[in-house]
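Have a look at the structure below before the remarks.
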Amino acid sequence: MTMKFLYQGNAARIVFGLGASADVGRWLVELGCKRALVLSTPHQAADGEVLAKRLGGLAVGVFPGATMHTPVEVTERAIAHAAALDADCVVSLGGGSTTGLGKAMAYRTDIPQIVVPTTYAGSEVTPILGQTEGGIKTTLRSPKVVPEVVIYDAALTIGLPVAMSVTSGLNAIAHSAEALYASDRNPITNMMAVDGIRALKEALPIIVDKPQDMEAREKALYGAWLCGTVLGQVAMSLHHKICHTLGGSFDTPHAETHAIMLPHTIGFNAAAVPELLQPVSDIFGGTPGQSLYDFAKSIGSPLALRDFGLSESDLDRAAEIATRNPYDNPRPIDRDSIRSLLQDAWGGRRPPL
Ligand code: NAD
(Lines give C-alpha, C1' and ligand atoms only; values in the text may rest on other atoms or scores of the structure.)
Protein backbone atom coordinates (compact mmCIF):
# COMPACT_ATOMS: atom_id res chain seq x y z
CA MET A 1 0.00 0.00 0.00
CA THR A 2 1.35 3.45 -0.83
CA MET A 3 0.74 6.53 1.26
CA LYS A 4 0.29 10.11 0.16
CA PHE A 5 -0.89 12.85 2.48
CA LEU A 6 -0.57 16.43 3.64
CA TYR A 7 -0.18 17.05 7.36
CA GLN A 8 -0.60 20.62 8.60
CA GLY A 9 -0.03 21.16 12.32
CA ASN A 10 -1.08 24.34 14.11
CA ALA A 11 1.41 26.65 15.77
CA ALA A 12 0.00 26.73 19.32
CA ARG A 13 2.19 25.62 22.20
CA ILE A 14 0.38 23.00 24.26
CA VAL A 15 1.12 22.90 27.97
CA PHE A 16 -0.54 19.94 29.69
CA GLY A 17 -0.46 19.03 33.36
CA LEU A 18 -2.12 19.20 36.72
CA GLY A 19 -1.46 22.66 38.17
CA ALA A 20 -0.18 23.99 34.82
CA SER A 21 -2.55 26.97 34.99
CA ALA A 22 -0.39 28.35 37.81
CA ASP A 23 2.13 29.13 35.06
CA VAL A 24 -0.05 31.53 33.04
CA GLY A 25 2.15 34.41 34.26
CA ARG A 26 5.32 32.66 33.11
CA TRP A 27 3.80 32.13 29.67
CA LEU A 28 2.76 35.78 29.48
CA VAL A 29 6.37 36.75 30.10
CA GLU A 30 7.51 34.21 27.52
CA LEU A 31 5.22 35.88 24.97
CA GLY A 32 6.55 39.30 25.93
CA CYS A 33 3.14 40.38 27.29
CA LYS A 34 2.75 42.66 30.30
CA ARG A 35 -0.94 43.70 30.32
CA ALA A 36 -3.34 40.75 30.04
CA LEU A 37 -7.11 41.05 29.83
CA VAL A 38 -8.77 37.94 31.27
CA LEU A 39 -11.90 36.78 29.39
CA SER A 40 -14.72 34.67 30.86
CA THR A 41 -18.46 34.14 30.70
CA PRO A 42 -20.61 35.87 33.33
CA HIS A 43 -20.96 32.42 34.94
CA GLN A 44 -17.18 32.09 35.39
CA ALA A 45 -16.55 35.76 36.27
CA ALA A 46 -15.38 34.91 39.80
CA ASP A 47 -12.83 32.41 38.41
CA GLY A 48 -11.65 35.11 36.01
CA GLU A 49 -11.19 37.55 38.91
CA VAL A 50 -9.19 34.97 40.87
CA LEU A 51 -6.91 34.39 37.89
CA ALA A 52 -6.44 38.12 37.30
CA LYS A 53 -5.60 38.63 40.96
CA ARG A 54 -3.07 35.83 40.83
CA LEU A 55 -1.43 37.42 37.80
CA GLY A 56 -0.96 40.62 39.84
CA GLY A 57 0.66 43.38 37.79
CA LEU A 58 0.53 41.25 34.63
CA ALA A 59 -3.29 41.56 34.39
CA VAL A 60 -5.18 44.79 33.67
CA GLY A 61 -8.71 43.50 34.16
CA VAL A 62 -11.44 40.96 33.42
CA PHE A 63 -14.04 41.04 30.65
CA PRO A 64 -16.72 38.61 31.86
CA GLY A 65 -19.04 39.05 28.86
CA ALA A 66 -18.32 35.98 26.67
CA THR A 67 -21.48 34.28 25.45
CA MET A 68 -22.64 31.49 23.13
CA HIS A 69 -22.20 31.86 19.35
CA THR A 70 -19.67 34.74 19.61
CA PRO A 71 -21.93 37.69 18.74
CA VAL A 72 -19.99 40.40 16.86
CA GLU A 73 -21.31 43.16 19.14
CA VAL A 74 -19.79 41.41 22.19
CA THR A 75 -16.47 41.09 20.35
CA GLU A 76 -16.54 44.80 19.53
CA ARG A 77 -17.23 45.69 23.15
CA ALA A 78 -14.39 43.44 24.32
CA ILE A 79 -11.98 45.00 21.81
CA ALA A 80 -12.95 48.50 23.00
CA HIS A 81 -12.47 47.41 26.61
CA ALA A 82 -9.05 45.93 25.80
CA ALA A 83 -8.03 49.15 24.04
CA ALA A 84 -9.23 51.33 26.93
CA LEU A 85 -7.09 49.27 29.32
CA ASP A 86 -4.17 49.17 26.87
CA ALA A 87 -4.20 45.35 27.10
CA ASP A 88 -1.49 43.58 25.07
CA CYS A 89 -2.94 40.04 25.20
CA VAL A 90 -5.97 38.03 26.34
CA VAL A 91 -6.17 35.05 28.67
CA SER A 92 -9.36 33.12 27.86
CA LEU A 93 -10.54 31.07 30.83
CA GLY A 94 -13.53 28.86 30.01
CA GLY A 95 -15.21 26.75 27.35
CA GLY A 96 -15.79 27.23 23.64
CA SER A 97 -17.75 30.46 24.13
CA THR A 98 -14.91 32.23 25.94
CA THR A 99 -12.29 30.81 23.59
CA GLY A 100 -14.46 32.00 20.68
CA LEU A 101 -14.43 35.57 22.00
CA GLY A 102 -10.62 35.60 22.28
CA LYS A 103 -10.31 34.15 18.76
CA ALA A 104 -12.72 36.75 17.37
CA MET A 105 -10.63 39.51 19.00
CA ALA A 106 -7.43 38.02 17.60
CA TYR A 107 -8.97 37.78 14.14
CA ARG A 108 -9.59 41.53 14.13
CA THR A 109 -6.59 42.83 16.11
CA ASP A 110 -3.93 40.07 16.12
CA ILE A 111 -3.89 40.24 19.93
CA PRO A 112 -1.97 37.23 21.34
CA GLN A 113 -4.04 34.64 23.21
CA ILE A 114 -3.38 32.24 26.05
CA VAL A 115 -6.31 29.83 26.45
CA VAL A 116 -7.07 27.85 29.60
CA PRO A 117 -9.91 25.49 28.59
CA THR A 118 -12.43 24.28 31.16
CA THR A 119 -14.65 22.11 28.91
CA TYR A 120 -13.95 19.44 26.28
CA ALA A 121 -15.19 21.46 23.24
CA GLY A 122 -11.76 21.71 21.59
CA SER A 123 -12.03 25.19 20.05
CA GLU A 124 -8.69 26.23 21.57
CA VAL A 125 -6.75 24.12 19.08
CA THR A 126 -8.61 24.90 15.86
CA PRO A 127 -8.18 27.69 13.31
CA ILE A 128 -12.00 27.83 13.11
CA LEU A 129 -14.03 30.82 14.24
CA GLY A 130 -17.83 30.77 14.32
CA GLN A 131 -19.57 34.07 15.01
CA THR A 132 -23.04 35.58 14.75
CA GLU A 133 -24.21 38.90 13.39
CA GLY A 134 -27.86 39.85 13.02
CA GLY A 135 -28.87 36.32 14.00
CA ILE A 136 -26.79 34.72 11.20
CA LYS A 137 -23.96 32.39 12.20
CA THR A 138 -20.96 32.21 9.88
CA THR A 139 -17.78 30.18 10.17
CA LEU A 140 -14.31 31.01 8.91
CA ARG A 141 -10.88 29.42 9.06
CA SER A 142 -7.80 31.55 9.63
CA PRO A 143 -4.38 30.88 11.18
CA LYS A 144 -4.82 34.31 12.86
CA VAL A 145 -7.28 32.85 15.37
CA VAL A 146 -5.03 30.03 16.58
CA PRO A 147 -3.98 30.82 20.18
CA GLU A 148 -0.28 31.17 20.96
CA VAL A 149 -0.42 29.01 24.10
CA VAL A 150 -3.01 26.52 25.39
CA ILE A 151 -2.73 25.43 29.00
CA TYR A 152 -4.63 22.27 29.91
CA ASP A 153 -5.06 21.86 33.65
CA ALA A 154 -7.53 19.16 34.69
CA ALA A 155 -7.92 20.80 38.11
CA LEU A 156 -10.00 23.49 36.39
CA THR A 157 -12.42 20.91 34.96
CA ILE A 158 -13.31 19.37 38.32
CA GLY A 159 -16.18 21.84 38.65
CA LEU A 160 -17.60 21.08 35.21
CA PRO A 161 -21.03 19.64 36.10
CA VAL A 162 -21.46 15.94 35.26
CA ALA A 163 -24.20 16.60 32.69
CA MET A 164 -21.97 19.09 30.86
CA SER A 165 -18.97 16.78 31.13
CA VAL A 166 -21.01 14.08 29.39
CA THR A 167 -22.32 16.22 26.54
CA SER A 168 -19.04 18.10 26.10
CA GLY A 169 -17.16 14.78 26.03
CA LEU A 170 -19.52 13.38 23.38
CA ASN A 171 -19.08 16.64 21.43
CA ALA A 172 -15.33 15.91 21.45
CA ILE A 173 -15.84 12.30 20.36
CA ALA A 174 -17.88 13.60 17.41
CA HIS A 175 -14.86 15.55 16.13
CA SER A 176 -12.75 12.41 16.08
CA ALA A 177 -15.45 10.09 14.73
CA GLU A 178 -15.87 12.35 11.69
CA ALA A 179 -12.10 12.72 11.34
CA LEU A 180 -11.85 8.94 10.81
CA TYR A 181 -13.61 9.21 7.44
CA ALA A 182 -12.53 12.73 6.43
CA SER A 183 -11.29 12.72 2.85
CA ASP A 184 -8.23 14.73 3.94
CA ARG A 185 -7.41 12.47 6.91
CA ASN A 186 -3.84 11.27 7.36
CA PRO A 187 -2.02 8.77 9.58
CA ILE A 188 -1.40 11.37 12.32
CA THR A 189 -5.03 12.53 12.52
CA ASN A 190 -6.15 8.88 12.55
CA MET A 191 -3.88 8.13 15.51
CA MET A 192 -5.04 11.20 17.39
CA ALA A 193 -8.70 10.49 16.64
CA VAL A 194 -8.55 6.90 17.87
CA ASP A 195 -6.59 7.77 21.00
CA GLY A 196 -8.90 10.71 21.71
CA ILE A 197 -12.05 8.60 21.44
CA ARG A 198 -10.54 5.86 23.59
CA ALA A 199 -9.48 8.30 26.31
CA LEU A 200 -12.97 9.81 26.53
CA LYS A 201 -14.67 6.40 26.40
CA GLU A 202 -12.59 5.33 29.40
CA ALA A 203 -12.85 8.58 31.34
CA LEU A 204 -16.50 9.64 31.03
CA PRO A 205 -18.12 6.73 32.92
CA ILE A 206 -15.67 7.29 35.79
CA ILE A 207 -16.46 11.03 35.84
CA VAL A 208 -20.18 10.21 35.99
CA ASP A 209 -19.57 8.02 39.05
CA LYS A 210 -16.87 10.15 40.66
CA PRO A 211 -16.79 13.71 39.26
CA GLN A 212 -13.76 14.53 41.44
CA ASP A 213 -11.60 11.71 40.07
CA MET A 214 -8.57 13.67 38.93
CA GLU A 215 -7.08 10.86 36.84
CA ALA A 216 -10.31 10.51 34.85
CA ARG A 217 -10.60 14.29 34.51
CA GLU A 218 -7.05 14.39 33.19
CA LYS A 219 -7.70 11.57 30.73
CA ALA A 220 -10.87 13.28 29.46
CA LEU A 221 -9.00 16.55 28.96
CA TYR A 222 -6.23 14.72 27.11
CA GLY A 223 -8.87 13.13 24.86
CA ALA A 224 -10.49 16.52 24.33
CA TRP A 225 -7.16 17.98 23.20
CA LEU A 226 -6.69 15.19 20.65
CA CYS A 227 -10.27 15.44 19.39
CA GLY A 228 -10.08 19.24 19.12
CA THR A 229 -6.80 18.95 17.27
CA VAL A 230 -8.26 16.72 14.56
CA LEU A 231 -11.29 19.00 14.28
CA GLY A 232 -8.83 21.74 13.40
CA GLN A 233 -6.92 19.65 10.89
CA VAL A 234 -9.40 17.78 8.69
CA ALA A 235 -12.77 18.45 7.09
CA MET A 236 -15.95 17.64 9.00
CA SER A 237 -19.04 16.21 7.29
CA LEU A 238 -22.67 15.24 7.91
CA HIS A 239 -22.55 15.28 11.71
CA HIS A 240 -21.09 18.77 12.08
CA LYS A 241 -23.24 20.07 9.23
CA ILE A 242 -26.48 18.90 10.87
CA CYS A 243 -25.44 20.19 14.30
CA HIS A 244 -24.56 23.55 12.75
CA THR A 245 -27.99 23.64 11.09
CA LEU A 246 -29.84 22.76 14.29
CA GLY A 247 -27.87 25.21 16.43
CA GLY A 248 -27.84 28.01 13.85
CA SER A 249 -31.45 27.83 12.65
CA PHE A 250 -33.28 26.32 15.62
CA ASP A 251 -31.11 27.52 18.50
CA THR A 252 -30.59 24.06 20.01
CA PRO A 253 -27.77 23.97 22.60
CA HIS A 254 -24.31 23.16 21.20
CA ALA A 255 -22.95 20.24 23.24
CA GLU A 256 -26.35 18.55 23.76
CA THR A 257 -27.08 18.67 20.03
CA HIS A 258 -23.76 17.01 19.25
CA ALA A 259 -24.34 14.39 21.95
CA ILE A 260 -27.80 13.49 20.62
CA MET A 261 -26.91 13.48 16.92
CA LEU A 262 -23.63 11.53 17.21
CA PRO A 263 -25.03 7.94 17.12
CA HIS A 264 -27.36 8.80 14.25
CA THR A 265 -24.89 10.51 11.95
CA ILE A 266 -22.11 8.02 12.60
CA GLY A 267 -24.56 5.12 12.21
CA PHE A 268 -25.73 6.59 8.91
CA ASN A 269 -22.18 6.86 7.56
CA ALA A 270 -21.19 3.45 8.94
CA ALA A 271 -23.34 1.89 6.24
CA ALA A 272 -20.96 3.33 3.62
CA VAL A 273 -17.56 3.11 5.34
CA PRO A 274 -17.69 0.41 8.03
CA GLU A 275 -13.95 -0.22 7.65
CA LEU A 276 -13.07 3.43 8.40
CA LEU A 277 -15.33 3.40 11.46
CA GLN A 278 -13.99 0.05 12.68
CA PRO A 279 -12.06 1.82 15.50
CA VAL A 280 -15.41 3.07 16.86
CA SER A 281 -16.76 -0.50 16.82
CA ASP A 282 -13.56 -1.78 18.46
CA ILE A 283 -13.67 0.84 21.21
CA PHE A 284 -17.41 0.73 21.98
CA GLY A 285 -18.09 -2.88 21.05
CA GLY A 286 -20.90 -3.10 18.48
CA THR A 287 -22.02 -1.33 15.33
CA PRO A 288 -20.81 2.30 15.42
CA GLY A 289 -24.20 4.02 15.72
CA GLN A 290 -25.81 1.58 18.14
CA SER A 291 -22.77 1.26 20.37
CA LEU A 292 -22.40 5.05 20.57
CA TYR A 293 -26.10 5.29 21.44
CA ASP A 294 -25.77 2.65 24.17
CA PHE A 295 -22.67 4.38 25.55
CA ALA A 296 -24.36 7.80 25.56
CA LYS A 297 -27.38 6.31 27.33
CA SER A 298 -25.21 4.54 29.89
CA ILE A 299 -23.57 7.81 30.95
CA GLY A 300 -26.87 9.69 31.18
CA SER A 301 -26.62 11.76 28.01
CA PRO A 302 -29.77 13.37 26.64
CA LEU A 303 -30.98 11.25 23.70
CA ALA A 304 -33.86 13.13 22.09
CA LEU A 305 -33.95 16.44 20.24
CA ARG A 306 -37.58 16.89 21.25
CA ASP A 307 -36.34 17.67 24.77
CA PHE A 308 -34.50 20.76 23.49
CA GLY A 309 -37.25 22.89 22.06
CA LEU A 310 -37.30 21.39 18.58
CA SER A 311 -40.81 20.55 17.40
CA GLU A 312 -41.56 17.66 15.06
CA SER A 313 -42.80 20.14 12.47
CA ASP A 314 -39.29 21.70 12.38
CA LEU A 315 -37.76 18.48 11.03
CA ASP A 316 -38.76 19.02 7.38
CA ARG A 317 -37.11 22.43 7.32
CA ALA A 318 -34.05 21.13 9.20
CA ALA A 319 -33.60 18.34 6.63
CA GLU A 320 -34.04 20.83 3.81
CA ILE A 321 -31.43 23.28 5.20
CA ALA A 322 -28.97 20.49 6.03
CA THR A 323 -29.08 19.15 2.47
CA ARG A 324 -29.37 22.45 0.59
CA ASN A 325 -25.67 22.81 -0.22
CA PRO A 326 -23.56 19.83 -1.25
CA TYR A 327 -20.56 18.91 0.93
CA ASP A 328 -18.14 16.08 1.33
CA ASN A 329 -19.62 13.03 3.07
CA PRO A 330 -18.70 9.34 2.75
CA ARG A 331 -22.33 8.37 2.09
CA PRO A 332 -24.43 10.27 -0.43
CA ILE A 333 -26.98 12.47 1.27
CA ASP A 334 -30.56 13.02 0.22
CA ARG A 335 -33.33 14.92 1.90
CA ASP A 336 -35.44 11.85 2.75
CA SER A 337 -32.71 9.89 4.48
CA ILE A 338 -31.64 12.94 6.50
CA ARG A 339 -35.28 13.58 7.42
CA SER A 340 -35.59 10.00 8.65
CA LEU A 341 -32.32 10.23 10.63
CA LEU A 342 -33.57 13.46 12.23
CA GLN A 343 -36.86 11.77 13.12
CA ASP A 344 -34.96 9.06 15.02
CA ALA A 345 -32.84 11.66 16.83
CA TRP A 346 -35.91 13.74 17.62
CA GLY A 347 -37.65 10.80 19.23
CA GLY A 348 -34.51 9.43 20.92
CA ARG A 349 -34.73 6.12 19.03
CA ARG A 350 -31.76 3.74 18.84
CA PRO A 351 -30.26 4.03 15.34
CA PRO A 352 -30.61 1.05 12.96
CA LEU A 353 -26.84 0.57 12.54
P1 NAD B 1 -19.59 27.13 26.77
O2 NAD B 1 -18.23 27.68 26.64
O3 NAD B 1 -20.71 27.91 26.18
O4 NAD B 1 -19.87 26.87 28.32
C5 NAD B 1 -21.19 26.60 28.76
C6 NAD B 1 -21.35 27.13 30.20
O7 NAD B 1 -20.55 26.34 31.08
C8 NAD B 1 -20.85 28.56 30.37
O9 NAD B 1 -21.71 29.25 31.23
C10 NAD B 1 -19.49 28.39 30.99
O11 NAD B 1 -19.08 29.50 31.74
C12 NAD B 1 -19.72 27.17 31.87
N13 NAD B 1 -18.49 26.42 32.17
C14 NAD B 1 -17.46 26.15 31.35
N15 NAD B 1 -16.53 25.42 31.97
C16 NAD B 1 -16.96 25.25 33.25
C17 NAD B 1 -16.43 24.58 34.38
N18 NAD B 1 -15.26 23.91 34.34
N19 NAD B 1 -17.15 24.61 35.51
C20 NAD B 1 -18.35 25.24 35.58
N21 NAD B 1 -18.90 25.86 34.53
C22 NAD B 1 -18.22 25.88 33.38
O23 NAD B 1 -19.70 25.65 26.21
P24 NAD B 1 -18.77 24.79 25.21
O25 NAD B 1 -19.57 23.61 24.86
O26 NAD B 1 -17.41 24.62 25.76
O27 NAD B 1 -18.62 25.72 23.94
C28 NAD B 1 -19.66 25.89 23.01
C29 NAD B 1 -19.31 26.97 22.02
O30 NAD B 1 -18.02 26.75 21.47
C31 NAD B 1 -20.28 27.01 20.84
O32 NAD B 1 -20.57 28.35 20.52
C33 NAD B 1 -19.51 26.33 19.72
O34 NAD B 1 -19.91 26.76 18.45
C35 NAD B 1 -18.09 26.74 20.05
N36 NAD B 1 -17.09 25.78 19.53
C37 NAD B 1 -16.24 26.24 18.59
C38 NAD B 1 -15.27 25.39 18.07
C39 NAD B 1 -14.32 25.92 17.05
O40 NAD B 1 -13.40 25.21 16.66
N41 NAD B 1 -14.46 27.14 16.61
C42 NAD B 1 -15.17 24.08 18.53
C43 NAD B 1 -16.06 23.63 19.49
C44 NAD B 1 -17.02 24.51 20.01
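The values are calculated or read from the model by the stated rules, or taken from the named source; none is laboratory data. As the structure is a prediction and not an experimental result, all values here were calculated from the model. Using ideal geometry, Cβ is built from the backbone for each residue, glycine included, and neighbour counts are taken over all protein chains shown.
For this structure, a couple of remarks:
- Of everything in segment 25-51 that is part of a helix (DSSP H, G or I) and within 16 Å of the ligand (Cβ to nearest atom), the residue that is surrounded by the most Cβ atoms within 10 Å (Cβ to Cβ) is 48.
- Extreme residue, nearest to residue 81 (Cα to Cα), among residues of segment 102-146 that are surrounded by fewer than 22 Cβ atoms within 10 Å (Cβ to Cβ) and basic (Lys, Arg): 108
- Among the residues making up segment 98-148, those that are touching a strand residue (DSSP E or B) at 6+ places or on another chain (Cβ under 8 Å), modelled with pLDDT under 95 and away from the ligand (no atom under 11 Å from the Cβ) are 133, 138.
- Members of segment 209-231 that are buried (at least 23 other Cβ atoms within 10 Å of the Cβ) and within 12 Å of the ligand (Cβ to nearest atom): 217, 220, 221, 224, 227, 228, 229, 230, 231
- Among the residues making up segment 155-173, those that are small (Gly, Ala, Ser), near the ligand (Cβ under 10 Å from one of its atoms) and buried (at least 18 other Cβ atoms within 10 Å of the Cβ) are 165, 168, 172.
- Within segment 287-304, the set of residues being in a loop (DSSP other than H, G, I, E, B) and touching a Phe, Trp or Tyr at 6+ places or on another chain (Cβ under 9 Å) comprises 301, 302, 303, 304.
- When segment 1-13 is limited to residues that are aliphatic (A, V, I, L, M) and loosely packed, with under 14 Cβ neighbours inside 10 Å, the one that is nearest to residue 115 (Cα to Cα) turns out to be 11.
- Look at (1) in contact (Cβ under 8 Å) with a residue 60 or more places away in the chain; (2) in the same structural domain as residue 44 (by TED's automatic domain parsing) and you find that residue 171 fails only one, number (2).
- Only one of the listed residues (198, 185) is away from the ligand (no atom under 15 Å from the Cβ) and outside any helix (DSSP H, G or I). That residue is 185.
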